[in-house]
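Structure, as C-alpha cells:
The values are calculated or read from the model by the stated rules, or taken from the named source; none is laboratory data. Please read these numbers as outputs of a predicted model, since none were measured by experiment. Don't worry about glycine lacking a Cβ; one is built from the backbone with ideal geometry, like all the others, and counts go over all protein chains shown. Remember, those area values only see protein heavy atoms, side chains included, never the ligands or the DNA or RNA. Shrake-Rupley method; radii C 1.70, N 1.55, O 1.52, S 1.80 Å.
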Amino acid sequence: MTVMEELVVWLLAAFGFSSLLVMIADRWASRMGSVTELSHEHYRLLVHNSEQVLERAVRSLLFRSEWSGKPVRITLIDEGSTDDTSRMLSILTREPYCCGVPVADSQAELVGAIVVDLRNKQEGA
C-alpha cells in the first residue's frame, strides 16, 4: 500500500468516525430536549383495605413506566382503611412518583387521570 492509499484510508476512517460522533451528539441533544416535554401518565389508585394488592399494583405501574419510557405519577386515595394499607401508603408516599390525597379532596382531582379501583369489596355487600 502506498502512502497516498494509506492517507485516503485514514481520511475515510476519520470522516466515518466524526459522522458517527455527530449523529450520537444529535440524538443525545434531541433526547435531552424531549425529557422536559414528556407528559406524565397520571394514575389515581382508590384504596380501602387493599394491603394485599397495593404494592403489586404500584410495582406494575412502575414497570410499565420503565418499559414504555413514559414518566408516571401515582396518587393514592385511601378511604379509611382498617388494615395495614395506611402504613403502606405512608411508606409509598415518600417516593417521588407517589402522593397521598385526603378523601375529601379526591373527587375534585379525578379529572384527567386514569382511575384504578383497588378497594376491597366486603363479602355480601
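The table below gives the values:
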{"read-out": "Within the range 66-112, tally of residues that are surrounded by 13 or more Cβ atoms within 10 Å (Cβ to Cβ), outside any strand (DSSP E or B) and at pLDDT below 80", "value": "5"}
{"read-out": "Pairs with Cβ under 7 Å, 6+ apart, first in the range 32-44 and surrounded by 10 or more Cβ atoms within 10 Å (Cβ to Cβ), second modelled with pLDDT under 70", "value": "ARG44/LEU110"}
{"read-out": "Residues (modelled with pLDDT under 85 and either under 16 Å from PRO96 (Cα atoms) or of a type outside the set (Ser, Thr, Tyr) (or both)) located in the range 29-44", "value": "ALA29, ARG31, MET32, GLY33, VAL35, GLU37, LEU38, SER39, HIS40, GLU41"}
{"read-out": "Condition check for VAL47: open to solvent by less than 60 Å² (accessible area, probe 1.4 Å), touching a residue at least 12 places away in the same chain (Cβ under 8 Å) and over 16 Å from CYS99 (Cβ atoms)", "value": "no"}
{"read-out": "Condition check for ILE24: of a type in the set (Val, Ile, Thr), in a strand (DSSP E or B) and modelled with pLDDT of 85 or more", "value": "no"}
{"read-out": "Selection count where residues are open to solvent by less than 60 Å² (accessible area, probe 1.4 Å) and of a type outside the set (Ser, Thr, Tyr), scope the range 52-65", "value": "6"}
